[in-house]
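S.K.: Below are the structure tokens for one structure; questions will follow.
Bear in mind that the values in this text are calculations on the coordinates, not laboratory data. Keep in mind that this is a model prediction, so the values were computed, not measured. Here the Cβ is made from the backbone with ideal geometry for all residues, glycine too, and neighbour counts use every protein chain on show.
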Amino acid sequence: MILSPSLLSADFAHLADELTSLEAAGLTWLHLDVMDGAFVPNITFGPPLLHALRPMTDLFFDVHLMIEEPARYIADFRAAGADMMVIHAEADRHVQRTLAAIRDLGCKAGLALNPGTDVGCVRWLAKDLDMLLLMSVNPGFSGQAFIPATYEKIREARRVLDANGGSAVLIQVDGGVSPENTGRLVDAGAEVLVSGSAFFGHKPYGQRLAAFMEPLAGRVSRPEENALRHRRDSLDGGTLLC
């Protein structure tokens with residue numbers, strides 16, 4: 001399982017220190033929530049923040065674009081240091097074209113689905129994806145309650161991906177993720193978990209990472225874990241597993 005802490009819940013007055021603390025704790029990914037005030041009812045940050053942070057860290061920048069018409073900005077976010085860009089199916093009229101354009105920029109490409117969006121559209125996009133993000137809350141604000149229907153949606157997403165050439169696609173879950181549901185999420189098929197306030201609100205980060213991983217301790221290796229290893233290895237040689 002890969003844990004991708006959401007920067008939105010970090011201490012913005014001390015971001016350089018936060019990045020250092022994450023790396024020291026053993027984290028390898030950082031989730032960056034970009035909101036435009038149009039697609040979601042909140043505004044966060046844009047490429048200049050990524051550009052400022054990129055020289056400070058080797059963390060994998062997992063950039064979640066909660067913005068309308070994301071194709072207009074993907075070159076800017078790539079230039080600023082994004083390693084992966086995830087666009088919303090609901091926010092782009094030409095999703096396949098934008099996903100292909102992200103890859104053409106040398107970046108990993110992901111697709112996000114809101115809680116009410118069916119996974120069926122992934123059937124036609126599986127080969128264009130490196131990751132599928134399933135929102136387990138309605139996007140826009142941190143600290144919302146997890147939507148239980150997400151567990152079955154994860155299982156269905158894995159079936160659709162595997163049946164349509166997407167066996168190498170990682171499944172990420174974002175919203176209401178905590179150590180209390182990590183085990184069940186991973187059992188359902190989630191491989192990358194995003195956590196904001198449930199992570200950053202509990203220092204030291206090394207202990208908090210251990211709390212997220214503890215539900216997975218002692219598990220016997222399963223065929224599904226070998227599949228995860230294969231998908232993980234497609235992202236920078238397998239260096240990103242927590």
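S.K.: What full-extension length gain, to one decimal in nm, is calculated for residue 207 and residue 145 as 0.36 nm per residue of separation minus the Cα-Cα distance?
M.R.: So the chain would gain 20.0 nm between residue 207 and residue 145.
S.K.: Quick check on the chain: helices-only [θ] at 222 nm, where DSSP H runs of length 4 and up contribute -39,500 (n - 2.57) each and the sum goes over total residues. Nearest 500, please.
M.R.: -10000 deg cm²/dmol
S.K.: Now for a separate question. For residue 112, list long-range residues whose amide hydrogen, built 1.01 Å from N in the peptide plane, is under 5 Å from its own amide hydrogen.
M.R.: 87, 88, 89, 133
S.K.: With a Förster radius of 41 Å, plug the Cβ-Cβ distance of residue 155 and residue 68 into 1/(1 + (r/R0)^6) and report the FRET value to the nearest 0.05. Could the numbers behind the result be given before it?
M.R.: Numbers: r = 30 Å, r/R0 = 0.74.
Result of the calculation: an efficiency of 0.85.
S.K.: While we're here: Explain nothing, just the number: dipole magnitude of the chain about its Cα centre with +1 on each Lys and Arg Cβ and -1 on each Asp and Glu Cβ, in debye rounded to the nearest 20.
M.R.: On the way: 21 positive and 30 negative charges, 103 e Å.
The calculation lands at about 500 debye.
S.K.: Report, in cubic angstrom per residue, the convex hull volume of the C-alpha atoms of segment 107-171.
M.R.: Taking the convex hull of the Cα positions in segment 107-171, it is 84 Å³ per residue.
S.K.: Just to compare against my own numbers: the Cα pair-distance distribution for segment 1-45, 10 Å bins, whole % per bin, please.
M.R.: Result returned by the calculation: 25, 47, 24, 4.
S.K.: Same structure again: For residue 124 and residue 51, what is the calculated FRET efficiency with R₀ set at 45 Å and r taken between the beta-carbons, to the nearest 0.05?
M.R.: On the way: r = 34 Å, r/R0 = 0.75.
Efficiency for this residue pair is about 0.85.
S.K.: Taking the dipole about the Cα centre of the chain, with the C-beta of Lys and Arg at +1 and of Asp and Glu at -1, give me whichever of 34, 204, 188 is farthest to the positive side.
M.R.: With unit charges placed on the Cβ atoms, the residue in question is 188.
S.K.: Quick one: what do you get for the chain if you divide its Cα Rg by 2.2 N^0.38 Å?
M.R.: It is 0.92.
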